[in-house]
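Asks: Got a structure for you, questions after.
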Amino acid sequence: YISPPELSQIAAIEAFKATAELEAVKARYAGNRELLMKRLPELGFTLAAPMDGAFYAFCNVTRHTNDSMAFARKMLAEAHVAATPGRDFDPLQGHRAMRFSYAGSHDEMVEAMMRIERWLR
C-alpha cells in the first residue's frame, strides 16, 4: 500500500480548519515580538538581524559579554531565563550574540524581561 492512511489525511484536513486557534497564536506572537523589539534594546541587546523569519530575536550581546555561552549559562542559573548562545548559529561571530524566543505566553515574556532587567542591575 503506497498511499497514506485515509484517517491521517482526514486529520490533516481538519487541522487546517483550526483558523481561530491559529489566528490567536499569530496574535500572541505578534504581541510578544513587539514587546521584545522594545525591551531587548532597552536592556542592551541590540538586534543583530530582523525579527521577521520566525519567533526569535537574534541579538548582539557585546554590551554585556563577549562569551554568549557563559552568559547564557549564568543568565539561566541566576535570572532563570533561558536563551540560546549565538555560537549555535554562527561559529565565527556567535560568541557575540544570543537568540531569544518569543513563542511563550505574553506573561512569560513580560516576566522574562523583568528578570533580565533585575539581573543586569
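Table: residues versus (1) at pLDDT below 95; (2) in a helix (DSSP H, G or I); (3) of a type in the set (A, V, I, L, M); (4) out of contact with any His (no Cβ under 7 Å at 6 or more places or on another chain).
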| residue | (1), (2), (3), (4) |
| --- | --- |
| 7 | yes, yes, yes, yes |
| 52 | yes, no, no, yes |
| 62 | no, no, no, yes |
| 66 | no, no, no, no |
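Asks: Which of the residues belonging to the range 80-121 are under 18 Å from residue 41 (Cα atoms), outside any helix (DSSP H, G or I) and among the aromatic types (Phe, Trp, Tyr)?
Replies: Within the range 80-121, 100, 102 meet the criteria.
Asks: Where residues in the range 9-20 are surrounded by 10 or more Cβ atoms within 10 Å (Cβ to Cβ) and closer than 23 Å to residue 103 by Cβ, which of them is modelled with the lowest pLDDT?
Replies: Looking at residues that are surrounded by 10 or more Cβ atoms within 10 Å (Cβ to Cβ) and closer than 23 Å to residue 103 by Cβ, I get 18.
Asks: For residues that are within 11 Å of the chain's Cα centre (by Cα) and of a type in the set (Phe, Trp, Tyr), scanning just the range 26-61, find the one that is farthest from residue 102 (Cα to Cα).
Replies: 58
Asks: Something else about it: Quickly run through the range 1-34 and pick out the residues that are touching a residue at least 60 places away in the same chain (Cβ under 8 Å) and not small (Gly, Ala, Ser).
Replies: 28, 29, 32, 33
Asks: Could you please tell me which pairs satisfy a Cβ distance under 9 Å, a separation of 6+ or placement on different chains, a first residue in the range 66-81 that is closer than 11 Å to residue 97 by Cβ, and a second residue that is surrounded by fewer than 17 Cβ atoms within 10 Å (Cβ to Cβ) and among the hydrophobic types (A, V, I, L, M, F, W, C)?
Replies: Qualifying pairs under 9 Å: 72/82.
The values are calculated or read from the model by the stated rules, or taken from the named source; none is laboratory data. Note that this is a predicted model, so its numbers are computed, not measured. Positions of Cβ are backbone-derived with ideal geometry, glycine not excepted, and every protein chain shown enters the neighbour counts.
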